[in-house]
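The values are calculated or read from the model by the stated rules, or taken from the named source; none is laboratory data. All figures in this text were calculated on a predicted structure; none of them were measured in a lab. Glycine also receives a Cβ, built like all others from the backbone with ideal geometry; neighbour counts cover every protein chain displayed. Accessible surface is based on the protein model in full, side chains and every heavy atom, while ligands, DNA and RNA are left aside. Shrake-Rupley method; radii C 1.70, N 1.55, O 1.52, S 1.80 Å.
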Amino acid sequence: LLARSVDKWTWTVLREKAIYHSLNMFKSDVSGMLRGEGWVIAENADDVRDAVNRAHSDMDMNMPSHVDQVPKPWPTPPTHFSTNKFTYGYQEFVNTYGIPRYREANPALFTAATFPFLFGVMYGDIGHGLFLFCSGLFLLYKEKENDNAKLGEMAGGLHAGRYMIAMMGFFAIYAGFIYNDMFSLGLNLFGSRWEFDGQDNGGVEEGDVAALKDGLVYGTGESVYPFGLDPIWHVTSNELLFFNSFKMKLSVIFGIFQMFAGTCLKGINAIYFRQPLDFFFEFVPMIAFATSLFVYMIVLIFMKWGIDWNSRMLSATCIDPASAYWGSELYDGEWVKCDGGGDGTCTPWGYSCSGYDTTDEKCPLDFGGSGDGCQPPNLITTLINIALAPGVVDEPMYNGQASVQNILLLIAFASVPVLLFAKPYFLSRQHSSHAHHHDEGDEHGEEEEEHGFGEILIHQAIETIEFVLGMVSNTASYLRLWALSLAHSELATVFWEKAMLSTINSNFVAAFIGYGIFAGVTFGVLLMMDVLECFLHALRLHWVEFQNKFFAADGVRFAPYSFKQIIDEHSAAS
């Protein structure tokens, strides 16, 4: 009998202790009444009134009960977000870093979309992502059963993140289709647009160049693989070079977009909290600095991707008008024969070549530099030269590029002193006016004012240095998207080639052992360790690179009065 009742008695005692503890925080008021102040969620205010009225009516007392709003000014209210099964895990991620300030933009809303996506960028593989996605679906299938079960710490964490795991697997599959990568192998789902001469009979030799299939014209929609990368890249000798370039640029694009979005949220916070100094002298110069250098970097990347370099380079190439290459469809302009002077060759636009011509002489674009717009630039060199060699663009992509980059550099340089000095100056003016209102001749007040200005300037200098240097270091930090994706695909390739390809053509026993080794290392390294690694790196990108652009994280979490929480905490402690 005692054993059956001990839990019930324990819960009753815990509830009574909690009630008395709360009543002890009340203050005596007039006519023997008790007065208590606390926070209530606005949408539940009517429910609180009803609960108090019901409790008071059961006590059969003549004294009335009253629940009303305390007049302002209030202390800063605690922060509460209503979550569901899907958003709970992402909100806990944010809360682990810091509680959002009351009415501040909540990073969890954006994290719910970007976290699984960035994980998928790093973990992109159709096969491995499918395992993770199925694991998430299994946890969703067991949801009701696990809700009522007493789970351990690890199992409870997996259950709380079941929707997150499913989303991570989904985006890993999506990125795998973009990379066309399944266990390090390419899938020829829609038919490759390229082929090697003799590939059907094994006659391909090292150094052979793939060509478009018959009937396809370079640059047209039919010559492009419908979704993701063409599987032919997985069997080329320059596979690593191509994927490195593609994933590196993609990482930079995603990183700058996310950091720029975080900076925009800082401006939205300033507008909402009516902080004009923060908006005009922090947000605006930050946006000017980020746009003039880093968003411009994205513009150059997309421009380089969008320009038909085959046509541009061909326009600066000397060709014999009598050869078969004359009139090629790769050149999108009109072919013009030259007067035949020089060495007898011409450029497609009619320039007579002498054999000693430079690229800028043969190029018809006249954009300046040695390339003159007819050869693709090295973007890293171009971006470095914006600051180290202003006004010099050796390989321009558009007319007037040097002038545009000089203007952008001036905007970036001008934004730094505005960010550093403007806000402290206007804050000191405000403090000075308040101090003069109180006592115009008080020397102690002047010392306090100078001390206040110095403290503000130091704080602003730290924030300026953190933002300016952080934009550079954080952009480089997003290269982890490329590095981990590369490591994942290369490990999968090594496991496949060393464990499977080296044994599959031997005999049954060797193939069986090879498959066992392949399955074991794939599960242990790629399906366990690499999942955790990509998870932690995606978490770091959100905590450091994204949230530090706008997130104060100095709020106080709302702690509602809950018997269930009190009993759960006691059960966990015991």
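Quick notes on this structure:
- Scanning segment 475-485 for residues that are open to solvent by less than 40 Å² (accessible area, probe 1.4 Å) and closer than 12 Å to ASN244 by Cα yields LEU481, LEU484, SER485.
- Among residues of segment 306-325 that are in contact (Cβ under 8 Å) with a residue 12 or more places away in the chain, none has a beta-carbon under 7 Å from a residue that is surrounded by fewer than 18 Cβ atoms within 10 Å (Cβ to Cβ) and part of a strand (DSSP E or B) at least six positions away or on a different chain.
- If you check ARG4, ARG35, ARG15 for being closer than 19 Å to SER571 by Cα and in contact with a Phe, Trp or Tyr (Cβ under 7 Å, 6 or more places away or on another chain), only one passes: ARG15.
- Within segment 322-349, considering residues that are among the charged types (D, E, K, R) and surrounded by 13 or more Cβ atoms within 10 Å (Cβ to Cβ), the one nearest to ASN310 (Cα to Cα): ASP332
- Scanning segment 11-60 for residues that are hydroxyl-bearing (Ser, Thr, Tyr) and part of a helix (DSSP H, G or I) yields THR12, TYR20, SER22, SER31, SER57.
- Positions within segment 30-47 being under 22 Å from TYR20 (Cβ atoms) and either in contact with a strand residue (DSSP E or B) (Cβ under 9 Å, 6 or more places away or on another chain) or open to solvent by less than 60 Å² (accessible area, probe 1.4 Å) (or both), in sequence order: LEU34, ARG35, GLY36, GLU37
- Just so you know, in segment 256-293 the residues that are among the aromatic types (Phe, Trp, Tyr) and in a helix (DSSP H, G or I) include one that is surrounded by the fewest Cβ atoms within 10 Å (Cβ to Cβ), and it is TYR272.
- Hits in segment 545-574 (condition: closer than 30 Å to ALA483 by Cβ and open to solvent by less than 50 Å² (accessible area, probe 1.4 Å)): GLU545, PHE546, GLN547, LYS549, PHE550, PHE551, ALA553
- Scanning segment 294-306 turns up one or more residues that are open to solvent by 40 Å² or more (accessible area, probe 1.4 Å), farther than 16 Å from ALA412 by Cβ and among the charged types (D, E, K, R).
- Residues of segment 176-228 that turn out to be touching a helix residue (DSSP H, G or I) at 6+ places or on another chain (Cβ under 8 Å), open to solvent by less than 40 Å² (accessible area, probe 1.4 Å) and not in a loop (DSSP other than H, G, I, E, B), as a count: 3
- Segment 353-367 residues that are more than 20 Å from ASP339 (Cα to Cα) and touching a residue at least 60 places away in the same chain (Cβ under 8 Å), paired with ones that are among the aromatic types (Phe, Trp, Tyr) and part of a loop (DSSP other than H, G, I, E, B) (beta carbon under 6 Å, 6 or more apart): none
- Of the helices (runs of 4 or more DSSP H) lying entirely inside segment 356-425, those containing at least 3 residues that are surrounded by fewer than 17 Cβ atoms within 10 Å (Cβ to Cβ) are 379-388, 401-417.
- Screening ILE165 on (1) in contact (Cβ under 8 Å) with a residue 40 or more places away in the chain; (2) under 24 Å from LEU491 (Cβ atoms); (3) not small (Gly, Ala, Ser) shows it passes everything except condition (1).
- In summary, LEU532 fulfils each of the numbered conditions (1) open to solvent by 40 Å² or more (accessible area, probe 1.4 Å); (2) more than 23 Å from the chain's Cα centre (by Cα) with the single exception of condition (2).
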